[in-house]
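The values are calculated or read from the model by the stated rules, or taken from the named source; none is laboratory data. What you are looking at is a predicted structure, and each value in this text was computed from that prediction instead of being measured. A quick note on method: Cβ atoms are made from the backbone with ideal geometry, for glycine too, and the neighbour counts reach across all protein chains shown. Surface accessibility is based on the protein's heavy atoms, side chains included, excluding ligands, DNA and RNA. Shrake-Rupley method; radii C 1.70, N 1.55, O 1.52, S 1.80 Å.
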Amino acid sequence: MTDTVKLIVDGVSVDAPKGYTLLQACELAGAEIPRFCYHERLSIAGNCRMCLVDWVGAPKPIASCAQTVGDMAPKKDGTPHEISTKSPRAVKARAGVMEFLLINHPLDCPICDQGGECDLQDQAMGYGRAYTRYTENKRAVDDKYMGPLVKTIMTRCIQCTRCVRFASEVAGVDEIGLANRGEDAEITTYLEKSLTSELSGNVIDLCPVGALTSKPYAFNARPWELRKTESIDVMDALGSAIRVDARGPAVMRILPRVNEEINEEWISDKTRFVWDGLGRQRLDKPYIRENGNLRAATWDEALKAAATMLKAPGDQIGVIAGDLACAEGMKAAMDLATSLGVKSIDCRQDGAKLGLAADGTKLARESWLFNSTIMGIDEADSILLVGVNPRREAAVLNARLRKAWLRMVPVALLGERVDLTFDYKYLGAGPDSLKDLRAGHPVFDELCKAKRPLIILGQGALARGDGGAVLHAVSAMAAAVGAIKDGWNGFSVLHTSAARVGGLDLGFLPAKGGKDVAGIIAGAQSGDIKTVVLLGADEIDTSKLGKANVIYVGSHGDNGAHRADVILPAAAYTEKSATYVNTEGRVQRTQRAVPPKGDAREDWAIFRALSAYLDKKLPYDTLAQVRAKLGADHPTFLGLDFAPGAVAGAVAPPYGTAGQFQSTPFMTPIKAFHLTNPIARASRTMAECAELAAGANRAVAAE
């Protein structure tokens, strides 16, 4: 039996797979089908009727989104079915549907934020009538409260239910529903509470009219006023594809781009709404601390002061890279440190036991990558999560895990018991339960039977004293269950920092005899470390740096800047073309969307200038030269937008070093999803979201 059905669409013959909808089959033949409720990633509702086509021989036009090609009964004479998308009947039917949709829709286009990128506007022009026959009063609907991110003007709503289906199916949080029936139908949140999903902002993109718009962006700009720059997100380690829209020197909004291999077409709320933090609490000029207070200085003064601090012996200097540091900045910092004889450098702010074994030897790259790749989750048939809370650490990846769960893939969790928006088998809280995962355990045996088992190891299990032992045990278990084989590597490490994999690939790690982050902090407290360079490192306890001189290179006045003795202002990720490596080892680049603030400069350029003051001039003067040196010294950075996945000849586990486990349970390192980095902490929108997430939600009568 054939798996395709032959159709004739507007005179064009096409063989459509039986699983296709008629709408997809028509598009396969080159026809354009309007739609409001239909979306490729959501279930079919069939309630807007805008996709009507003329099925020749049928008594009435048919909704093409709800008709599966395989369910079309063959004609008695064996000839293919004929579909017309341009016949007078189809044209008239769509015009009638559009007339009904516009009966109650307000004439808000001049003041609507959706204006200029509105599906209803576009399709009314293409498929509607040029006049109205409706003279009655339009219905009005009260606006609903959906929190600080989503603005509602519900009179505009056409009840397509895209937002309802997204919340239920993709986000996994049943918070939006369709109340009442007929003319009284309204989209609302239950008890009108704030949306709690970390993906809630995606309903703004899904809404085909102006009923759901961005509350922080409201009335700020029109789409035709904005410069659109394709870039990469750095709020987590996924490297989601984004588009930065800017006007003048300011970023006005951030939207997702489609990338099937990483984020599909979703982004987290932190990624989407953090943009207001890019303009607040910025370091826009150098500062020097004198008599306990910071004063503005020139670049020459600040670089001279920093150079004086760095003239200490190499064993008295430590360099720590933060979570938003780019590869070019870390490369320049590392090259300068090497020229000064500095061995105490580290990119692992949280102390994760990755990159180095206990004896200081460098581990294989496979030991710190998400080896299955993000898209590989779609192929996994048994999943084990160890010390990870993907809903907080990588909200978009959590949606992929939920999609796998909806396919009946079994999921087990060892670590903190949390709401992941899907069910899982809970195995325990810490390493004691890890010891029990061996032959005879139901989950272990299930992983052994799976063709493509996936084990995701999180930073909650690695950023602790026994992290190396946990890495060793989990990687050994991955090998034991057959998770590593030809064409598949199911051992995957989920990072929380955009800079971490790039730093590990660079070798931004303590050299033999050097100190890690904990050692640098302890040395600063004891007086052994005289100078500490912080490259955007704001997540360490700066109060424990003792009397050490602190040089801070970063974009925001956060923890590191408050402790700094010299501040060298750097560009944020939207203000530079920079290289990052995501959790799966994919080398990606951001693009400059706006100029740096004030006197701020790119990280690598700051270290290049500083090297001249130290008579250790670095061998590059342009970004292209930095990248050439980066690729020459570290070939990993030569391949752009490529996730290695299962590599032939990869170093086999176990990784890390066997040792004793601690009894403390695994805990996610992210306590507040919205406040994980300096940009997010500078954002008013993220602060409001964090307050609501902490329980300060709007009170309602039912409470």
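Considering only residues that are aliphatic (A, V, I, L, M) and in contact (Cβ under 8 Å) with a residue 40 or more places away in the chain, which ones fall in the stretch 521-547?
524, 529, 532, 533, 534, 535, 537, 540
How many of the residues in the stretch 419-452 are part of a loop (DSSP other than H, G, I, E, B), surrounded by 14 or more Cβ atoms within 10 Å (Cβ to Cβ) and under 28 Å from the mean Cα position of the chain (by Cα)?
Number satisfying all stated conditions: 7.
When the stretch 299-337 is examined, which residues are found to be within 18 Å of residue 587 (Cβ to Cβ), open to solvent by less than 30 Å² (accessible area, probe 1.4 Å) and touching a Phe, Trp or Tyr at 6+ places or on another chain (Cβ under 8 Å)?
Result: 321, 326, 327, 328, 329, 330, 331, 332, 334.
Go through the residues of the stretch 278-288 one by one and say whether even a single one is in a helix (DSSP H, G or I), in contact with a strand residue (DSSP E or B) (Cβ under 7 Å, 6 or more places away or on another chain) and either touching a residue at least 12 places away in the same chain (Cβ under 8 Å) or closer than 22 Å to residue 397 by Cα (or both).
Yes, some residue in the stretch 278-288 is in a helix (DSSP H, G or I), in contact with a strand residue (DSSP E or B) (Cβ under 7 Å, 6 or more places away or on another chain) and either touching a residue at least 12 places away in the same chain (Cβ under 8 Å) or closer than 22 Å to residue 397 by Cα (or both).
Of the residues 66, 16, 90, 25, which single one is touching a residue at least 24 places away in the same chain (Cβ under 8 Å), in contact with a helix residue (DSSP H, G or I) (Cβ under 9 Å, 6 or more places away or on another chain), open to solvent by less than 70 Å² (accessible area, probe 1.4 Å) and closer than 30 Å to residue 134 by Cα?
66
Pick from the stretch 229-238 the residues that are assigned to a loop (DSSP other than H, G, I, E, B) and of a type outside the set (Asp, Glu): which of them is nearest to residue 398 (Cα to Cα)?
Out of the qualifying residues, it is 238.
Just to be sure before I move on: is residue 457 in a helix (DSSP H, G or I) and open to solvent by less than 10 Å² (accessible area, probe 1.4 Å) in the structure I sent?
No.
Kindly evaluate residue 565 against the criterion of being more than 27 Å from residue 245 (Cα to Cα), acidic (Asp, Glu) and out of contact with any Pro (no Cβ under 9 Å at 6 or more places or on another chain).
yes
Collect the residues in the stretch 600-628 that are more than 15 Å from residue 337 (Cβ to Cβ), of a type in the set (D, E, K, R) and in contact (Cβ under 8 Å) with a residue 24 or more places away in the chain, keeping them in residue-number order.
601, 602, 627
Is it the case that the stretch 239-255 has a residue that's part of a loop (DSSP other than H, G, I, E, B), among the β-branched types (Val, Ile, Thr) and open to solvent by less than 20 Å² (accessible area, probe 1.4 Å)?
For the stretch 239-255, residues part of a loop (DSSP other than H, G, I, E, B), among the β-branched types (Val, Ile, Thr) and open to solvent by less than 20 Å² (accessible area, probe 1.4 Å): absent.
Being free of Cβ contacts under 8 Å to residues at least 60 places away in the same chain and in contact with a strand residue (DSSP E or B) (Cβ under 7 Å, 6 or more places away or on another chain) is the filter here; which residues of the stretch 657-685 pass it?
none
Taking residue 144 as meeting all but one of (1) in a loop (DSSP other than H, G, I, E, B); (2) surrounded by 13 or more Cβ atoms within 10 Å (Cβ to Cβ); (3) touching a Pro at 6+ places or on another chain (Cβ under 8 Å), write down the number of the exception.
(3)
Restricting attention to the stretch 304-318, which residues are of a type in the set (D, E, K, R) and not in a helix (DSSP H, G or I)?
The one that is of a type in the set (D, E, K, R) and not in a helix (DSSP H, G or I): 311.
Name the single residue, out of those in the stretch 664-703 being touching a helix residue (DSSP H, G or I) at 6+ places or on another chain (Cβ under 7 Å) and modelled with pLDDT under 90, that is surrounded by the most Cβ atoms within 10 Å (Cβ to Cβ).
700
Hey, can you tell me all the residues within the stretch 187-196 that are open to solvent by 10 Å² or more (accessible area, probe 1.4 Å) and either touching a Ser or Thr at 6+ places or on another chain (Cβ under 8 Å) or farther than 14 Å from residue 177 by Cα (or both)?
The answer is 195, 196.
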